[in-house]
Amino acid sequence: MSTNTIVSLPDQETARIPKKNFLTKENGLLSWLLTRDHKRIAILYLITTTFFFIIGGAAAALIRLELLTPTGDMVSSDTYNKLFSIHGIIMVFFFLVPIAPGVLGNFLIPLMIGAKDVALPRINLLSWYLFVIGGCFELYMMIFGGVDTGWTFTTPLSTHYVNSHVIGAAMGIFIAGFSSILTGINFIVTIHKMRAPGMTWFRLPLFIWSYYATSIIFVLATPVIAISMVLIMLERVIGIGLFDPTKGGDPLLFQHLFWFYSHPAVYVMILPGMGIISEVISNFSRKRVFGYTAVAFSSVAIAVFSFFVWAHHMFIMGISTYSALLFSLFSMLVAIPSAIKVFNWSATLYKGSITFDTPMLYAFGFIGLFTIGGCTGVMLATLGMDIHVTETYFIVAHFHYVMVGGMVSAFMAGLHFWWPKMTGRMYPESLGRLAAVILFIGFNLTFFPQFILGYLGMPRRYHFYPPEFQALNVLSTSGASILAIGYLLPALYLIWSLRHGAIAGNNPWQATGLEWQTQSPPLTENFTEIPIMDHEAYDYAWLERQSRDNRREEAPSAE
Amino acid sequence: MNHISPVIWQFPVKWMTNFPLFPPEASTIAPQMDALLFFMVLVSLIGLTVVVLLIISFSILYNKKRHPVAEQIEGSILLEATWTIIPLGLFLVMFVWGAVIYFRVFTPPANAMNIYVVGKQWMWKIEHPGGQHEINALHVPAGRAVQLTLISQDVFHSFSIPAFRVKREAIPGRYTTVWFEATTPGTYHLFCTQYCGTNHSQMIGDVVVQTPEDYRKWLSNSTSGVSLAQDGERLFASLSCSACHNARPNARGPNLANVYGSRLTLSNGQTITADEAYLRQSILNPSQHITQGYAPIMPTYQGQISEEGVIALIEFIKNLNSDYRIQQTLNTTDLPPESEGKTPPAAQAPAAKAHATQGRVKK
Amino acid sequence: MPNNQAIVPAASEPAGAGHNEHPSYLLHHFQSVEQQADTSNFAMWLFLLTEMMFFGGLFTAYLIYRNWYYLAFVAGSHQLNVVWGTLNTVVLICSSFTMAMGVWCAETRRRSGLVLCLILTFILGLGFLGIKTIEYSEKIEKHHVPGFHYNLSSFLDPASDPEIFKEYHDKPLPLDIARHTELYFSLYFLMTGMHALHMIIGIGILGFMIFRARAGAYISGHVTFVENFGLYWHFIDIVWIYLFALLYLISRH
């Protein structure tokens, strides 16, 4: 047994992927498009979100290339504006928001709580279709000319001044919003009503807690973006005047409505990541997560606080100084549960038995990048500081640290961790570790210079910029090319592993979650029999006992 | 420190000048902002170091080779409390410190000189009270508090001067203010930082800080000959404002002399300070801001005066210290004061109808 | 180390409970009918919560603008016909009653009662929409639909609108206040329009339910669908009551 990995694989000579599993149950395109199996829907989400990630990533690549020089050599200002708008809209609404719930949430929540499926399987499929229809609107918008409002749709710019496909983009977000709402409802109901016998709230994996918090935000915040998008569309078509200052409407009202969704939405983009990291850290240090209750409740606290911080996007927009005070204070408070989590994860390592498999490397990367993102977030929440750094590259760097450095790292950790469960095969470990390191280096090289750029005053969404900012921009672009390799490499070896990866067996990571106690890939109904949860979460001693029992059972039969 | 080794010293100096980490500190608020930044960066670095050190040392101490069997530890309320309270304390310090700076940036001193800024796609129009007009450039004297009153005539813009560490959104339909006191003469960047459409990245300009003497020279060389208030006076006459606001005992509109900055009682009983925002509102939406004792007969001027025009009018009203000026204005208009009941030519037909049915002149 | 094959043993039910005892409507992933009913009920309540947030955005806008443009909002609401509004409220409350009766019929397994109640609800719902159409067409005639041809004359010169003038004797509004009535009507059409959209969806589902109920559905003891639809219907009813109060009643003096 190697000492730097936890992996224990079955004998590759004799091991076979179980013939009966959710992948082989039925064949043909229709069996996928009409499936109600949460695992298949998760795979559908994986494919579609990856597709959107490629689009958003291509836009990002073009943006970074353009920014190599201070003048616009490659594309016109109009095109540049469309590129960053598309990058923002696609990455936020069609990648970051749906990936974690759509892919890992769908796949794992029923498995982890010992259910046969999510509570509302048909609604689950409907969510995916809504997501795809919304995505089609975005594709339509992109093919027929794009949109140049930025992903924030600031009024009155988006309603009265730009001449691009705002309605298409807004319609796509509106429809995809219902996908989020239905997913949120589905998860909450599933977690409440579908838990296996013995699976009490405090025996739930922390993954479930963080997805529960995410779903609360989905349910309460997404309807507000839906109505704001309706208002944007009507304002453009009819001119209802609600956001039009010449008719007495208030453009700031749109900012309030938009950020009432969009700020909680950034927690939608990070909370699932926190859940994944809790699982990974615990498993690769062979220890129960330090302060389980604190971590669980901090997820819920983040979800609750996230509804009271939205106006910190508007500190210099003319909200009253006193409300600014209140929102700044709340924004500080929402940082506390995040800090608690980071410290708890670090403490989990104490006296553990740590191995450095790929998911763990991603998790370490997550903690570092998220801490930087969180600290700069506190800087932005500080009123005085916000005046100088808001709307600059500082804020761009900050949210990329949280969204990309945080969420995407966490998602990669999760994808690698549960890849054997999803496909039945292992990814190549050494390439995995290499990719994790490349991603970390490339990411920091891309986005750290942007903090300095931001403090120097370079505004975001600038096509032309003063020549003295060039050096840092070149550094950032070169980092981005490394980052691109960091994404490409896993894509390639994960596809390779589908056919050639080592057979994983049920529980390659020796993990405790219920999802690992069934075959990989699981059966359509997940478990042969509904499991009974008779131990705490992350109970590694229970796992030991379990495998001892198994050995004992096997021993007589061998005689 | 130059005495250590000028040869070696030149490299970091060169590096720092070519790759600065901070924009120049050219206003009184800038060093305060940087101090706050240093504090926060320091705290963040300490926090980050603690986390990274913990992870690295645990990874070394407790990797599987050295520590094959994990010890299960449930958690510790004491520790949880520690790492809740310490960050909370630090955050509260940052919060208070930041709030102090925020209030400082948005509370101009009483003696600040006021410059108007109008944003539009994609340029900044600067209106000095002395009648100097600038586009995409702002000249200010060093050592004097300058207040900017911003408004946008189309979409959101944001007026950002990184060297001063100040920034404020220009919002359509309402005034916002920000102030600074420049310290070092020089030319600095001016950016629009709120995305405002196609040429957003070209909505830039220069902020020129001059010594008071240079500034005086610049003022006298670049004046258009007509001050902003005089511009407003002309507009006041041509829009026939003086038909009602004529400071006579039987006037239909309130006397505007010394009205700026005073407390007014409105017809709905509310009291309000007559500031720029109020004056703007009562020109564009007069009926909602009727002074007590007067009838809501003033027509709206929305869509008839540009933002610059409103600014000129406001500047005129601000400078009205006696009735004398208004009387002077009267003499320049063709409308005789007796022509009551007639509506100003600018008012729209429906408004005129409303007028006629209203009938009354004064309550 | 052998890869353990431990599948957590022991099913929750005794092995004797055969699968063929399960009623046909029990979906495969639920353990029991109660669980299934509980689940869909809970999901419905959550859905109504999201609906509340959806309308919440509009209510917020209403509160803000009413506060800012009070006089315009008063004048705007005087344009609404309280008689039609009241009638519509009565119609909706009746339809809620018939819906509740429908749920009761389904629970007590009365097929013809259920069908009758559903048809009554359906008719009352259509009646509501009919009355709403009359109201809308009045607004369209007067050019009170925000946007291109919005017409201010009823506010600048109330006497030109004798019916309303007779009732309220509104004073003419100055142009700058009258202009803001457009915001009132924007909100009026948005809120009632969103409400009507929910009604249309509800009526569509009702039609489907009538069709199924005639064929004998919903009376086998499994009434979650009817119950949930009832919740949805009552929710729309409650939203209307708020709309009625805020748009029609609150500004009557």
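Coordinate-derived values only; no laboratory data. Being a predicted model, the structure only gives us computed values, none of them experimental. We place every Cβ from the backbone using ideal geometry, glycine too, and count neighbours over all the protein chains shown.
A few remarks follow.
- The P(r) of the stretch A:29-558 has a tail past 36 Å containing 30 percent of all C-alpha pairs.
- Counting only other chain Cβ atoms within 10 Å of each residue's Cβ, the peptide C:48-55 averages 6.
- For residue B:217, a cut-off of 16 angstrom between C-alpha atoms picks up these aspartates and glutamates, skipping any fewer than 8 places away in its own chain: B:134.
- Footprinting exposure proxy for C:173, B:266, A:34, C:246 (fewest neighbouring C-beta atoms within 10 Å first): A:34, B:266, C:246, C:173
- Mean shadow area of the stretch B:113-222 over all directions, Cα convex hull, nm²: 5.9
- Residue-count net charge about residue A:391 - beta-carbon cut-off 14 Å; Lys, Arg +1, Asp, Glu -1: +3
- Peptide ranges A:278-290, A:191-203 listed from the most packed, as the mean C-beta count within 10 angstrom indicates: A:278-290, A:191-203
- Length gained on full extension, residue C:245 to residue C:140: 35.6 nm, using 0.36 nm per residue less the C-alpha separation.
- Sorting the segments B:86-92, A:9-15 by their mean number of nearby beta carbons within 10 angstrom, highest to lowest, gives B:86-92, A:9-15.
- For the stretch A:1-104, the set of trypsin sites (Lys or Arg not before Pro) satisfying both a DSSP loop assignment and a count of at most 13 other C-beta atoms within 10 Å is given as A:16, A:19, A:20.
- Inter-chain Cβ neighbour count for B:35-48, averaged per residue, equals 4 (cutoff 10 Å, partner chain atoms only).
- Net charge over other residues, Cβ less than 15 angstrom from the Cβ of residue B:29 (K, R count +1; D, E count -1): +1
- Near the amide H of residue B:114, within less than 5 Å, lie the amide hydrogens of B:147, all on another chain or at least 5 residues away, with H placed in the peptide plane.
- Selected from C:175, C:124, C:183 as most flexible by GNM, with chain C as the system and alpha-carbon contacts under 10 Å: C:175
- Counting every other Cβ atom within 10 Å of each residue's Cβ, B:103, B:159, A:137 order from fewest to most as B:103, A:137, B:159.
- Each of residue C:159 and residue A:75 was given a label point 7 Å from its Cα along the Cα-to-Cβ line. The distance between the two points is 6.2 nm.
- In Hz, Karplus ³J(HN,Hα) per residue of the stretch A:257-265 (6.51, -1.76, 1.60; θ = phi - 60°; x = Gly, Pro): 5, 4, 6, 4, 7, 6, 6, x, 4
- Sites residue B:103 and residue B:39, calculated FRET efficiency, Cβ-Cβ separation with R0 22 Å, nearest 0.05: 0.80
- The packing ranking, built from the mean of other Cβ atoms within 10 Å per residue, places the peptides C:47-57, C:214-224 in the order C:47-57, C:214-224, highest first.
- Counting Cβ atoms of other protein chains within 10 Å of each Cβ in A:171-181 and taking the mean gives 1.
- For chain C, built as a Gaussian network whose Cα springs stay under 10 Å, the top-fluctuating residue of C:62, C:184, C:242: C:242
- Cα-based Rg and Dmax for the protein assembly as shown, where Dmax is the largest Cα-Cα distance (Å): 33.5, 122
- Computed over Cα pairs, the Kirkwood radius of the stretch B:52-97 leads via Stokes-Einstein (0.890 mPa s, 25 °C) to a diffusion coefficient of 185 µm² per second.
- Distant-in-sequence amide contacts of residue A:425, defined by a placed amide H-H separation under 5 Å and a gap of 5 or more residues or a different chain, comprise A:504.
- Set of aspartates and glutamates with alpha-carbon distance to residue A:19 below 16 Å, sequence-local pairs under 8 removed: A:525
- Cα-Cα over 29 Å, subset of A:20/A:341; B:120/C:142; A:193/A:351; A:193/B:64; A:82/B:167: A:20/A:341; B:120/C:142; A:193/A:351; A:193/B:64
- When B:34, A:386, C:237 are sorted by how many other C-beta atoms sit within 10 angstrom of their C-beta, beginning with the fewest, the order is B:34, C:237, A:386.
- Degrees, to the nearest 10: A:429-456 long Cα axis against longest axis of chain A: 20
- For residue C:111, net neighbour charge (Lys/Arg +1, Asp/Glu -1) across residues whose Cβ lies under 12 Å away: +4
- Long-range HN-HN contacts of residue B:27 with modeled amide H, under 5 Å: B:183
- Considering only beta bridges that DSSP places wholly inside the protein assembly as shown, some 70 percent are antiparallel.
- Screening chain C for DSSP H helices whose Cα atoms reach 15 Å or more along their own axis and whose mean Kyte hydropathy is at least 1.0 gives C:82-107, C:111-141, C:181-214.
- Nearby lysines by direct alpha-carbon distance to residue C:171 (threshold 18 angstrom, same-chain neighbours under 8 apart not counted): B:353, B:362, B:363
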